[in-house]
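Since the structure comes first, as structure tokens, the remarks are kept for the end.
Only the coordinates and a few stated rules stand behind these numbers; no lab work does. Every value quoted in this text rests on a predicted model; they were computed, and no experiment measured them. No Cβ is skipped: glycine too gets one built from the backbone with ideal geometry, and neighbour counts run over all protein chains shown.
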Amino acid sequence: MRKIVFASNNAHKLQEVRNKIGSSMEVLSMNEIGCFDDIPETAETFEGNAEIKARWIADKYQLDCFADDSGLCIDTLNGAPGVYSARYAGEGCTFSDNNKKVLLALDGIRERQAQFVTVICLIWKGKSYFFRGEVEGEIIEKLEGTSGFGYDPIFKPKGHPLTYAQMDLNEKNQLSHRAKALQMMSEFLQRQL
Ligand code: ITT
């Protein structure tokens, strides 16, 4: 089976990735290749940050590798938190701090449309390839559900009765932004055989 490294320190993402593509390729975590680096994300786009993370591993270990940079873009906040989704409420903040800050920012606002975005950068035979998955939805008024991570309890995909956090892993992986990007990467890799 093809082996590929997923350059992420987020255990929730790793779980989603393995659930989605783990039957077609062996996904190695950073820890499994002996890497414990905290890779600085200094770019101002999802593409830029995904490429920084993937290149870091590909250059240091000479392995095929991919990384995902993701975030929640809220229309009425001009796309915030966007690339700053992990640290929206400040360095070292928790998922709960971030959710509270979003709910406060949207307090009393009826326009609650948002997109969840994942950009994957795959480094394959030394070249970079990008795959973008997006899901339209809305920010609800209070947290609903306990599965998943991050902004899952406040994001409801368009036309769906449940938030991401009210879905189990398989359900989220049928429709999520990350699942869409992973699907595209997986189809690309199948064509490389
Ligand atoms: P790595 O960079 O190590 O992969 P990270 O958590 O820092 O992990 P990002 O830089 O991509 O990941 O930051 C994205 C943040 O956006 C993440 O910390 C969550 O708060 C949120 N996020 C990303 N994907 C999400 C998802 O599927 N559901 C809910 N929140 C998500």
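Values for this structure:
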item	result
Within a Gaussian network of the chain (alpha carbon springs, distance under 10 Å), most fluctuating of D168, D107, D97	D107
Highest-fluctuation residue, K100, K127, K172 considered, GNM on the chain with Cα pairs under 10 Å	K127
Unit charges on C-beta of K, R, D, E only; dipole of the chain, Debye	460 debye
Dimensionless Rg ratio for the chain, taking C-alpha atoms and the 2.2 N^0.38 Å reference	1.01
Rel. contact order, % - alpha carbon contacts under 8 angstrom, at least six apart, segment 54-193	20 percent
Mean-position separation - Cα centroids, segment 148-185 and segment 21-37, in angstrom	22 Å
Separation in nanometres of the label points that stand 7 Å from Cα toward Cβ, at K125 and H12	3.7 nm
Computed lengthening from N31 to K142, 0.36 nm per intervening residue step minus Cα-Cα distance	36.4 nm
Nearest-ten-degree value, helix 95-105 long axis tilted from longest Cα axis of the chain	40 degrees
Acute angle (nearest 10 degrees) that the helix 177-191 long axis makes with the longest principal axis of the chain, alpha-carbon atoms	20 degrees
Between helix 11-21 and the chain: long-axis angle, C-alpha atoms, 0 to 90°, nearest 10	60 degrees
24 Å Cα-Cα threshold exceeded, pairs from K60/K125; K3/K156; K53/K158; K13/K158; K127/K180; K13/K180	K3/K156; K53/K158
Hits among aspartates and glutamates - C-alpha to C-alpha of K101 under 17 Å, sequence gap 8 or more where chains match	D75, E91, E111, E138, E141, E144, D152
